[in-house]
1. Take segment A:176-192 and flag every residue that is surrounded by fewer than 22 Cβ atoms within 10 Å (Cβ to Cβ) and either closer than 15 Å to A:S22 by Cα or charged (D, E, K, R) (or both).
2. Please specify each residue of segment B:27-36 satisfying the condition of being surrounded by 11 or more Cβ atoms within 10 Å (Cβ to Cβ) and not in a loop (DSSP other than H, G, I, E, B).
3. Would you mind telling me which numbered condition in (1) surrounded by 24 or more Cβ atoms within 10 Å (Cβ to Cβ); (2) of a type outside the set (V, I, T); (3) within 25 Å of A:E187 (Cα to Cα) A:N110 fails?
4. Looking only at segment A:29-57, which residues are part of a loop (DSSP other than H, G, I, E, B) and crowded, with 24+ Cβ neighbours inside 10 Å?
5. Being surrounded by fewer than 19 Cβ atoms within 10 Å (Cβ to Cβ), β-branched (V, I, T) and modelled with pLDDT of 95 or more, is that true of even one residue in segment A:361-371?
6. Among the residues that make up segment A:13-27, is at least one of them in contact (Cβ under 8 Å) with a residue 40 or more places away in the chain, farther than 17 Å from A:I373 by Cβ and outside any loop (DSSP other than H, G, I, E, B)?
7. Among the residues of segment A:301-323, write down those that are touching a helix residue (DSSP H, G or I) at 6+ places or on another chain (Cβ under 6 Å), small (G, A, S) and surrounded by fewer than 18 Cβ atoms within 10 Å (Cβ to Cβ).
8. Which of the residues that make up segment A:277-300 are within 14 Å of chain B (Cβ to nearest Cβ) and surrounded by 20 or more Cβ atoms within 10 Å (Cβ to Cβ)?
Amino acid sequence: MSTEPLPEHPDFLWRNPEPRSSYDVVIVGAGGHGLATAYYLAKNHGITNVAVLEKGWLAGGNMARNTTIIRSNYLWDESAAIYEHALKLWERLPEELDYDFLFSQRGVLNLAHTLQDVREGTRRANANRLNGVDAEWLEPDEVAKVCPILNVSPRTRYPVLGATFQPRAGIAKHDHVAWALARRADELGVDLIQGCEVTGFLKDGDRVVGVETNLGRINAGRVGLAAAGHSSVLAERAGVRLPVQSYPLQALVSELHEPVHPTVVMSNHVHVYVSQAHKGELVMGAGVDSYNGYGQRGSFHVIEHQMAAAVELFPIFARAHVLRTWGGVVDVTPDASPIISTTPVENLYVNCGWGTGGFKGTPAAGWTFAHTIATGEPHPLNAPFALERFTTGALIDEHGAAAVAH
Amino acid sequence: MLLISCPWCGPRDETEYHYGGQAHVRYPETPADLDDRQWAEYVFYRDNPKGPFAERWVHSTGCRRWFNVLRDTVTYEVLASYRLDEPRPELPQAGGNR
């Protein structure tokens with residue numbers, strides 16, 4: 001656990017310019033993915049005449065409230081490739097952006113509680129290793145060595161039968177990640193425009209040529225959507241139907257505690273994931289609600305279920321107090337994998353469907369989406385994640401490795 | 001927690017039910033004529049509205065029957081619930097559970 005003080009807030013990190021009448025590229029959504037896309041458009045492709053439009057405030061949505069977990073232990077080759085690319089980018093971003101956002105590679109345990117979990121976990125660890133992703137299978141006594149506060153007694157309702165362990169996984173301070181990306185994108189010439197809601201699209205036939213906003217029309221050579229839970233609402237205004245459903249996902253934090261939890265623990269079976277933030281809060285997440293929702297709040301029984309699991313796994317948490325709960329809207333695809341893709345509308349691109357796991361993918365989402373927007377063609381890493389897979393049937397079914405019920 | 005009214009059992013807590021996604025999605029009438037794009041639409045594409053949404057629920061721990069619910073996806077207000085052989089109500093009554 002890092003005991004370093006948090007980074008100072010700089011006086012200002014970006015300009016707040018008025019929108020110009022025209023840009024080469026307009027990105028809709030100034031969350032982590034939108035900001036990373038703008039950063040890599042400028043850095044990797046030299047495209048700096050870019051605006052990022054945000055209806056609220058910069059990184060104020062899911063980027064401001066998530067459980068900050070970063071890992072790349074996905075099952076399929078396509079997923080391992082893109083999430084591992086993200087992890088490698090994470091490993092160099094603090095230096096590259098010259099901003100210490102407290103990236104802490106403390107490892108992640110994905111627990112197994114049933115024989116089927118054990119089989120799935122060992123299979124995934126082996127698949128990870130074949131893909132160059134660090135992964136181990138740990139027996140219960142080894143799990144206890146990594147995380148001594150975890151109850152690995154066989155006399156629990158869902159005993160820990162083992163776990164996958166990815167040592168290079170970890171957490172980062174999400175809002176500092178956003179600010180680091182925003183500052184550097186701004187320095188490279190990108191206009192970050194807050195309080196600017198996209199209400200419609202300007203089209204010339206089947207080609208998008210700009211956006212309508214509450215601040216007026218903005219012409220754009222190309223438009224990239226990175227609006228997470230509201231992607232389908234936005235895309236519909238451009239005449240594009242997306243295979244996503246929006247669900248509330250909730251999480252909570254406790255009051256501050258002494259450092260007790262040295263790693264990240266996730267359990268798909270009993271539905272809880274826990275890490276301890278740098279300041280000391282226990283950060284816990286659960287599954288999504290079962291039904292569609294844009295209300296930014298989740299069901300109480302989901303929290304109840306998650307807390308019951310947390311207390312059984314971590315008896316030491318039994319007297320911790322919940323400080324804050326929140327719910328965000330996530331867009332989920334039928335195969336629990338993201339969509340980074342061209343669309344039937346020319347010059348309109350979409351990055352969505354990250355479900356509950358968008359934070360970890362931030363750098364790779366930005367990297368590949370920037371490539372797709374800059375060149376009009378997918379990067380090899382995001383080619384399998386195109387919209388076409390729902391027509392061809394070449395799905396990337398990651399419900400197991402998504403680690404959250406959705 | 002949602003209070004959902006089963007057409008047969010009456011109002012019960014959300015936890016008695018299981019969610020089944022969008023209602024009124026018909027199996028294609030002439031499946032042999034569908035191309036891949038149309039099959040994708042049928043299998044993978046669903047509406048995702050911000051507002052009233054007709055959806056299916058099953059009363060898992062009660063009568064175990066499927067029925068439809070008209071629910072607002074922003075306010076989570078249950079606007080109506082009705083049997084599968086009934087049409088989607090045209091004018092939802094705000095504030096009700098049936």
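The values are calculated or read from the model by the stated rules, or taken from the named source; none is laboratory data. From a predicted model like this one, the values you see are computed outputs, not experimental measurements. Here the Cβ positions follow ideal geometry from the backbone for every residue, glycine too, while neighbour counts run over all protein chains shown.
1. Answer for segment A:176-192, where residues must be surrounded by fewer than 22 Cβ atoms within 10 Å (Cβ to Cβ) and either closer than 15 Å to A:S22 by Cα or charged (D, E, K, R) (or both): A:R183, A:E187, A:G189.
2. Looking only at segment B:27-36, we keep the residues that are surrounded by 11 or more Cβ atoms within 10 Å (Cβ to Cβ), and these are B:28, B:34, B:36.
Within segment B:27-36, B:D36 is the sole residue that qualifies.
3. (3)
4. Of the residues in segment A:29-57, the ones part of a loop (DSSP other than H, G, I, E, B) are A:29-31, A:46-49, A:55-57.
Within segment A:29-57, A:G29, A:A30, A:G31 meet the criteria.
5. Taking every residue of segment A:361-371 in turn, none turns out to be surrounded by fewer than 19 Cβ atoms within 10 Å (Cβ to Cβ), β-branched (V, I, T) and modelled with pLDDT of 95 or more.
6. Scanning segment A:13-27, I find no residue that is in contact (Cβ under 8 Å) with a residue 40 or more places away in the chain, farther than 17 Å from A:I373 by Cβ and outside any loop (DSSP other than H, G, I, E, B), so the answer is no.
7. A:A318
8. Going through segment A:277-300, the residues within 14 Å of chain B (Cβ to nearest Cβ) turn out to be A:287-300.
Passing the criteria: A:G287, A:V288, A:D289, A:Y291, A:N292, A:G293, A:Y294, A:G298, A:S299.
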